[in-house]
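Asks: This is the structure, below, for whatever I ask next.
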Amino acid sequence: MIEKITPTNVTSISSGKKQNIQNTATSKVSHEETEDLSSQTAQRSQTALSKGRQTSAYLQARDVQDSVSYQQTRQSALMDVNNMLKSLRSLAMQYTTGDLSLAEQDAIVAQAEQTLYTIDKTANSSQFQGTPVISDADSRQLGLEVINLEAGDPVGLINSALNKVAAKLAMSGAQVETFDVRINNIKRSAAEIMSEYQAEQAAQSIADALRSASPDDINKDLTPEKVLSLLGI
């Protein structure tokens with residue numbers, strides 16, 4: 001027996017189909033929202049990674065630059081000591097080779113003692129951010145803790161001290177050159193990171209702009225002015 005399809009049955013079938021369509025549409029929207037959220041999360045993670053790399057490069061460059069500044073401060077202080085040693089050597093040569101009166105000898109000794117005192121004062125006071133830079137270049141470290149202009153070889157002792165200072169200057173200069181190379185490498189790395197980060201930001205801006213624009217704007221009348229407007233420029 002064939003049953004007649006009543007309006008009630010038709011209504012029931014139509015309602016079922018309508019409900020299925022609504023469920024499918026809702027599922028599709030939910031899926032799209034999930035994908036969009038995942039994309040945004042990934043973009044935020046990538047942006048955070050780029051920012052982290054930028055920060056790391058900045059901190060590395062700052063640390064290396066501090067090391068360069070330290071060595072430059074050290075070099076300046078060592079040059080001061082070097083010049084004072086040259087003055088001390090000149091005094092020693094005057095004392096040992098000149099035909100001097102007792103008063104002149106006393107004056108040279110007084111100048112030599114003052115020069116040694118200034119060398120020690122410079123070694124103790126020269127600092128970079130609170131850290132001594134030439135504590136290894138006072139009179140004791142240079143072999144001049146005891147120097148007698150009247151006996152021994154005072155000029156030879158001073159020449160030895162000058163050689164020690166010259167070696168320290170050479171080592172400091174070599175370290176500065178090494179740090180300069182490191183800074184250049186960090187700068188190149190930072191430039192690459194910055195370019196990558198800017199590209200990510202531009203891509204994100206374009207994506208945001210396209211999402212906020214209507215299809216008519218995109219397909220029919222997308223002028224340069226509208227592009228700039230969409231990007232917020």
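Asks: Between T131 and T118, how many nm apart are label points set 7 Å from Cα along the C-beta direction?
Replies: 2.9 nm
Asks: Note down the net charge around K121, summing +1 for each Lys or Arg and -1 for each Asp or Glu among other residues with Cβ under 12 Å from its Cβ. Present the calculation step by step, with values, prior to reporting the outcome.
Replies: Numbers: positive: none; negative: D80, D120, D138.
Value of the local net charge: -3.
Asks: With a 1.4 Å probe and all protein chains left in place, how much accessible area per residue does the range 73-195 have, in Å²?
Replies: On the way: 7080 Å² over 123 residues.
Each residue of the range 73-195 exposes 58 Å² on average to a 1.4 Å probe.
Asks: Modelled label-to-label distance, S69 and M171, 7 Å Cα→beta-carbon offset: nm?
Replies: Here the answer is 2.4 nm between the modelled labels.
Asks: Kindly provide log₁₀ I(q)/I(0) values, in the same order as q = 0.13, 0.21, 0.22, 0.23 Å⁻¹, from the Debye equation applied to equal alpha-carbon scatterers of the range 73-195.
Replies: Here log10 of I(q) over I(0) equals -0.60, -1.12, -1.18, -1.25.
Asks: Sorted by average packing, counted as other Cβ atoms within 10 angstrom per residue and highest first, what order do 100-109, 82-91 take? If you can, show how the numbers build up before the last one.
Replies: Values: 100-109: 12.7, 82-91: 18.3.
Highest-to-lowest ranking by the protection proxy: 82-91, 100-109.
Asks: A follow-up question, please. Round to the nearest 0.05 the FRET efficiency obtained for N184 and R140 when R0 = 35 Å and r is the Cβ-Cβ distance. Please report the intermediate quantities before stating the final value.
Replies: On the way: r = 39 Å, r/R0 = 1.11.
Rounded to the nearest 0.05, the efficiency is 0.35.
Asks: Net charge near L169: determine it from the other residues with C-beta under 14 Å of the C-beta of L169, scoring Lys and Arg +1 and Asp and Glu -1. Numbers along the way, then the final one.
Replies: Details: positive: R74, K86, K164, K168; negative: D80, D136, E177.
Value of the local net charge: +1.
The values are calculated or read from the model by the stated rules, or taken from the named source; none is laboratory data. All of these numbers come straight from a predicted model, not from anything done at the bench. Cβ sites come from the backbone with ideal geometry, for glycine too, and all protein chains shown count toward neighbours. Side chains included, ligands, DNA and RNA excluded: accessible areas come from the protein's heavy atoms. Shrake-Rupley method; radii C 1.70, N 1.55, O 1.52, S 1.80 Å.
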